[in-house]
Every structure is written in structure tokens, then in C-alpha cells.
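Read the structure below first, then the notes.
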Amino acid sequence: MYSGASNLVTTTDNVFFLIIGISVFFLIGISATIIWFIIRYNNKKHPVAEQIHGSLTLEIVWTVIPLILVLIMFFYGWAGYSPVRDAPKDALNIEATARMWSWSFKYPNGVQTDTLIIPLNKAVVLDLISIDVVHSLYIPAFRIKEDMVPGRTNKMWFIGQKTGTYELFCAEYCGLSHSYMFTEVKVLEQQEYDNWMAQRSDTAAQAVAMAVPGAAGRRLIEVNGCLACHSTDGSKLIGPTFKGVYGQTITISTDGQTRQITVDDAYITKSIYEPDVDIVEGYRKGQMQSYKNQLNDQQVQQIIEYLSTLK
Ligand SMILES: [Cu+2]
């Protein structure tokens, strides 16, 4: 038998092929019977229909056969489904966060990424968190999909069985840029994974942060999905561009009152923690979620440092 990219491929595909097989069998059988009846019982040969008064045998046969077939489908469906619900205890636990319209992944040691990177042949449990609306995490090559519902933590698990890069999509329509809400899963050899993790660990991140001003802030903006709505090149997306924003004079409205302000640390901090208080002219309330639970003061400071480099 072929084995797929994850431990769930074989069972899922077998159920799928079983159901397709049964369906094709009946499609051909029923079509052939229809054609045969058209020829056999056409009006010229049988001008008057023969009357039939019930047949208990026939009734029993066409009740019992479909019942058995449906039970077979159920049995294999259940046998494939129940392991999906039952994650092993020693799995690697990664927090997957969805928001309009991007993904981030947080590893047990605090490292955050926008691409899911996992070691080969190791069980991985994802805690599925949405901070705004219902999303759905779908990895077609792994044959797994699960909704991400705000306010509750769903789980999914799998084992990557082949190194490579696979697509990861949002499979629940979640607004304007839903179709751009995708990223990748990379399955690496354990050794490669360990090397990658060592590089991403905090000491390395701090070294980068010290070398390039704003590097830490740039990373935070990438992994927190800000770039889905804010560009850094001056183009207008859902929100205003970050280019040149720091120190700029802009018009904002607060409770319907408009006024001019200069963008400074306090204003940016407030924009991130309470985005619906001051609204930039030309934009709407209710688009940006508060990041109060995602970003602490130190991280907001790093973001400000990065924004101030975007001239
Ligand atoms: Cu989505």
C-alpha cells in the first residue's frame, strides 16, 4: 500500500474509495437497468402494463442490502475517525492562532512563526485558537481539517510522514481576504528541525534585534498578521500603510469628533490595544481587533521601533 504525507492519509483515502466504489457500482447498475427496461418494456412490445401486487421478498432485499452497505461505510468511517480524536500523550504541542487573514504558530519554548514547521515522524497536537471569527485549518495533503471557533480551543493532531512542504488553507469563508489566508507546513528531519529551532530560539532573536534596529518589531508584525491589513510600501490595504506613519500628522476621529494629531508612541500603543477608540480618517471601526492579549508593552515598543524606521 502507498503511504501518504501523514498518518491519516491511508484510512481517509480507503473510506473515500470504498464510498466511491459503492456509488460507481450502483450508478452503473441502475443506469444499465434503466436502459434494459426501456428496451424490454417499450410500448410496442408491451402495450398494456402488467399489474404487480407487492412482493415481500423484494421489499426485504432492497431494505437489507442498503442497510448492510451503509453499516459498512459507517464502520470504516468510524474506524478512521476515532484515532483522529485521540491524540498521543507525548505529542509536540503547538498553538495555532488564526485571525483575519493570517496564521501564526507558537512552539512550547515561545518561538513564533507564520509557517508551521514540524519534525518528521513525530506526533503533533495543534491547539486551534481564533481571535476574531470562525476559521478552519485545512491541510489537504494530511487529510485533516478542523474549525477554529473564537472562545474555545479545538484540537487536531497528525504525524508528518514525509519530508516536504505542504499547503495549509483557511477553509471557512472569513471575509474579504479569505482567499489569501494560506501558509505552508514544512516537515523536516528531526536533526534539521532541531537546528532550525536552535536558530530561532530567543538568544538568536535578541542578537538579530540588536544588530538591525527594528528587526524584532518586524518579526512581531509578520507573525501577528498585521501585514494582511497594513503594507510597508505605501499601498493602502484594509488599514493605512505603515510607511512613514511614525511622526506623521493625521486626522483621526474619536466618538465622532475629528482632530489632528501627530503619530507618536502613545498613539500607536493605543491603536494596537484599543483600535476602535481613535479611527484614522477614511477608515472604518471594527476592522482591527485589539491585540491586548497577544502583545505585551515590550513587544509594542519593539513594533514602534520598527515603524519608526519605515521612512
Ligand atoms: Cu479564515
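A compact table of results
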quantity	calculated
Evaluation of Leu69 against (1) surrounded by 15 or more Cβ atoms within 10 Å (Cβ to Cβ); (2) closer than 25 Å to Ala171 by Cα; (3) more than 16 Å from the ligand (Cβ to nearest atom) (one fails), failing number	(2)
Verdict on Ser82 being within 27 Å of Thr11 (Cβ to Cβ) and buried (at least 19 other Cβ atoms within 10 Å of the Cβ)	no
The range 133-155, residues that are touching a residue at least 40 places away in the same chain (Cβ under 8 Å) and crowded, with 17+ Cβ neighbours inside 10 Å	Val133, His135, Leu137, Ile139, Ala141, Phe142, Arg143, Ile144, Met148
Yes/no for Phe169 being at pLDDT 90 or above, within 16 Å of the ligand (Cβ to nearest atom), in a strand (DSSP E or B) and within 22 Å of Pro140 (Cβ to Cβ)	yes
Exclusive hit being among the small types (Gly, Ala, Ser), more than 15 Å from the chain's Cα centre (by Cα) and either surrounded by 18 or more Cβ atoms within 10 Å (Cβ to Cβ) or not assigned by TED's automatic domain parsing to the domain that holds Thr97 (or both), set Gly160, Gly164	Gly160
Matching residues in the range 124-153 - criterion: being polar (S, T, N, Q) and more than 12 Å from the chain's Cα centre (by Cα)	Thr153
Subset of the range 260-304 (residues that are in contact with a Pro (Cβ under 7 Å, 6 or more places away or on another chain) and closer than 12 Å to Val245 by Cα)	Val280
Evaluation of Lys45 against (1) surrounded by fewer than 10 Cβ atoms within 10 Å (Cβ to Cβ); (2) not assigned by TED's automatic domain parsing to the domain that holds Val15 (one fails), failing number	(2)
Residue count, the range 72-102 (criterion: within 16 Å of the ligand (Cβ to nearest atom) and of a type outside the set (A, V, I, L, M))	4
Filtered residues of the range 264-284 (kept if without any contact (Cβ under 8 Å) to a residue 40 or more places away in the chain, under 17 Å from Cys229 (Cβ atoms) and of a type in the set (A, V, I, L, M))	Ile268, Ile272, Ile279
Total residues in the range 99-124, condition crowded, with 17+ Cβ neighbours inside 10 Å and closer than 25 Å to Arg200 by Cα	18
Flag for Ala91 being hydrophobic (A, V, I, L, M, F, W, C), out of contact with any helix residue (DSSP H, G or I) (no Cβ under 8 Å at 6 or more places or on another chain) and either crowded, with 19+ Cβ neighbours inside 10 Å or closer than 13 Å to Thr183 by Cα (or both)	no
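The values are calculated or read from the model by the stated rules, or taken from the named source; none is laboratory data. What you see is a predicted model; the values in this text were computed from it and never measured. Glycine gets a Cβ as well: all are built from the backbone with ideal geometry, and neighbour counts include every protein chain shown.
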